[in-house]
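These notes concern the structure reproduced below.
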Amino acid sequence: MFGENHTKKDYSVFPRVIFTDPQLTGVGMNENQAYKNKIDYDVSTIELKNVPRSLAAKNTKGFIKLIRDKENDKLIGARILATEGSELLM
């Protein structure tokens, strides 16, 4: 950690969470970052009222948003607003 290795670290895919109720979590890019990086992207959003786990827990407030790079079909970002969003993000 404190050694002479000066390689640049990439924290762009480091997951993060704000422990509010509901929790706000994210990983990777958001739409603004994808746009600024000139990435042709798609956004898919699903409300928790359409997610079986949320229905079973009887807590359907929130959503899941996924951002993908159209060129290579890779997931480049995710945002979740849900009571247990930190668990869903992993």
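Surrounded by 11 or more Cβ atoms within 10 Å (Cβ to Cβ), outside any strand (DSSP E or B) and under 13 Å from the mean Cα position of the chain (by Cα): does that describe Ser12?
Numbers: surrounded by 11 or more Cβ atoms within 10 Å (Cβ to Cβ): yes; outside any strand (DSSP E or B): yes; under 13 Å from the mean Cα position of the chain (by Cα): yes.
When the stated conditions are applied, Ser12 passes them.
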Any residue in the stretch 44-56 that is acidic (Asp, Glu) and either free of Cβ contacts under 8 Å to residues at least 24 places away in the same chain or closer than 24 Å to Asp10 by Cβ (or both)? yes
Considering residues that are over 10 Å from Val27 (Cα atoms) and either assigned to a loop (DSSP other than H, G, I, E, B) or touching a residue at least 40 places away in the same chain (Cβ under 8 Å) (or both), the number found within the stretch 76-90 is 7
Give the stretch 41-58 a look and list any residue that's of a type in the set (Ser, Thr, Tyr) and either in a helix (DSSP H, G or I) or surrounded by fewer than 12 Cβ atoms within 10 Å (Cβ to Cβ) (or both), or say none. Ser44, Thr45, Ser54
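So how many residues does the stretch 19-40 have that are over 11 Å from Ile80 (Cβ atoms) and of a type in the set (Val, Ile, Thr)?
Number satisfying all stated conditions: 2.
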Quick one: would you say Lys61 is in a loop (DSSP other than H, G, I, E, B), modelled with pLDDT of 90 or more, under 18 Å from the mean Cα position of the chain (by Cα) and not small (Gly, Ala, Ser)? yes
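The values are calculated or read from the model by the stated rules, or taken from the named source; none is laboratory data. Since this is a predicted model, take the numbers as computed values, not measurements. All Cβ positions, glycine included, derive from the backbone under ideal geometry; neighbour counts span all protein chains shown.
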